[in-house]
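K.L.:
Just passing along the structure, written as structure tokens.
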Amino acid sequence: MSAVLASSGATGSTAARRGVSSVPFRPAAWNIVGWMLVTPYVLVFLIFVLYPVGYGLYLARDPQSYVKLWHDPAFFNAVFNTFLFLVVVVNLKFALALFLSGFFVHERTWIRILSVIFILPYAVPSIPTILSFRFMLNPEWGIINSIIFKLTAADGPNWLNDRWIAFSMAGVVHIWKSLPFWTLILITGRLAISKDLYEAASVDGATGWQKFKFITWPSLRTLYLTSVILSMIFTLGDFNSVYLLTGGGPADLTHVMATLGIRYLRLDQLDMAMATIVVALPFVLPMAYFMVRRLSGDPDEK
């Protein structure tokens, strides 16, 4: 025991001679620094996230708002159109993104040049590009109908005055605008796959379809499905493609949930606009929950 005390005393005296304090470090200073760093983020969350959401729910508290929403024919059209956008347009977009990712992943100079041109729709601002589509689709002086008339001497279709043509054009604009981003995501996933797997499959005589079925798709499946769900969440809140192209017309037949809320805002019906957002939450929350479970590695969601 005396030897241990002597040793600790010698160690303490050595530390004292070196100018090192034997008092244990107190983390109070780090706690202060941590709070200084965290507080701005908490304030931003409270002011720009929690308060607007809470205030929106407060405005949508009246049950009569949902009764009026239920009796508005534009509401059911918006729900149906939103469903079509999420199920048809988003999945068509990702089918194209999966195909194009296999094309752009090839290392050729002309493909790389083409990929730069391909990314431009996502890089340019939404408002001027979508409005340019609207001008081109004008039935009287739009460039598309002008070309049709010069080639066939017949009038082109009234693109934005027919419900399904206008809705289809909104889907085309949405795909054209967001396809490059999701294609890049899938290209990144393809590049992460080891080339040795493809070389071994080639040695075994595998066809291109077999390589995709047994190598590419199993490696991309989690990324693909997660991206689809994330794109559905983004699309549910995207009003640019429909609002800027069709304005919800003709006769409010091409509205989606996001643009229907804008319609109520323009009519100075704030409670109805907030009720529309609340009604859309059952679409968002299951998709967000499913996506989080996939990202957390839940074996039940594999």
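K.L.:
Just to be sure before I move on: is Val67 crowded, with 18+ Cβ neighbours inside 10 Å and out of contact with any Pro (no Cβ under 8 Å at 6 or more places or on another chain) in the structure I sent? Can you show your working first?
P.N.:
Values: crowded, with 18+ Cβ neighbours inside 10 Å: no; out of contact with any Pro (no Cβ under 8 Å at 6 or more places or on another chain): yes.
No.
K.L.:
Looking at Ala288, Ala273, which is the one that is of a type in the set (Gly, Ala, Ser), in a helix (DSSP H, G or I) and surrounded by fewer than 18 Cβ atoms within 10 Å (Cβ to Cβ)?
P.N.:
Just one listed residue meets the conditions, Ala288.
K.L.:
Exactly one of these conditions fails for Met136: (1) closer than 23 Å to Gly248 by Cα; (2) touching a residue at least 24 places away in the same chain (Cβ under 8 Å); (3) in contact with a helix residue (DSSP H, G or I) (Cβ under 7 Å, 6 or more places away or on another chain). Give me its number.
P.N.:
(2)
K.L.:
Within segment 245-270, count every residue that is part of a loop (DSSP other than H, G, I, E, B) and more than 27 Å from Arg163 (Cβ to Cβ). Write out each step before concluding.
P.N.:
Step one: list which residues in segment 245-270 are part of a loop (DSSP other than H, G, I, E, B), which gives 245-256, 267-269.
Filter once more, keeping what is more than 27 Å from Arg163 (Cβ to Cβ): none.
Residues that pass the stated criteria total 0.
K.L.:
Is it true that Phe104 is within 23 Å of the chain's Cα centre (by Cα), in contact (Cβ under 8 Å) with a residue 24 or more places away in the chain and assigned by TED's automatic domain parsing to the domain that holds Val284?
P.N.:
Yes, satisfied.
K.L.:
With the requirement that a residue be modelled with pLDDT of 85 or more and in contact with a Gly (Cβ under 9 Å, 6 or more places away or on another chain), what does segment 238-272 give you?
P.N.:
Hits for segment 238-272 are Ser241, Val242, Thr254, His255, Val256, Met257, Ala258, Thr259, Leu260, Ile262, Arg263, Met272.
K.L.:
Give the residues of segment 60-71 that are in a loop (DSSP other than H, G, I, E, B) and free of Cβ contacts under 8 Å to residues at least 12 places away in the same chain, sorted by residue number. Walk me through it before giving the result.
P.N.:
Of the residues in segment 60-71, the ones in a loop (DSSP other than H, G, I, E, B) are 60-62, 71.
Those that are in a loop (DSSP other than H, G, I, E, B) and free of Cβ contacts under 8 Å to residues at least 12 places away in the same chain: Arg61, His71.
K.L.:
Scan segment 195-217 for residues that are of a type in the set (Phe, Trp, Tyr), surrounded by 10 or more Cβ atoms within 10 Å (Cβ to Cβ) and free of Cβ contacts under 8 Å to residues at least 12 places away in the same chain and report the count.
P.N.:
Residues of segment 195-217 that are of a type in the set (Phe, Trp, Tyr), as a first pass: 198, 209, 212, 214, 217.
Then keep just the ones that are surrounded by 10 or more Cβ atoms within 10 Å (Cβ to Cβ); that gives 198, 212, 214, 217.
Checking the rest, the ones that are also free of Cβ contacts under 8 Å to residues at least 12 places away in the same chain come to 217.
Adding up the residues that qualify gives 1.
The values are calculated or read from the model by the stated rules, or taken from the named source; none is laboratory data. Because the structure is predicted, anything quoted here is derived from the model rather than measured. Methodologically, a virtual Cβ is constructed for each residue, glycine included, from the backbone with ideal geometry; neighbour enumeration extends over all protein chains shown.
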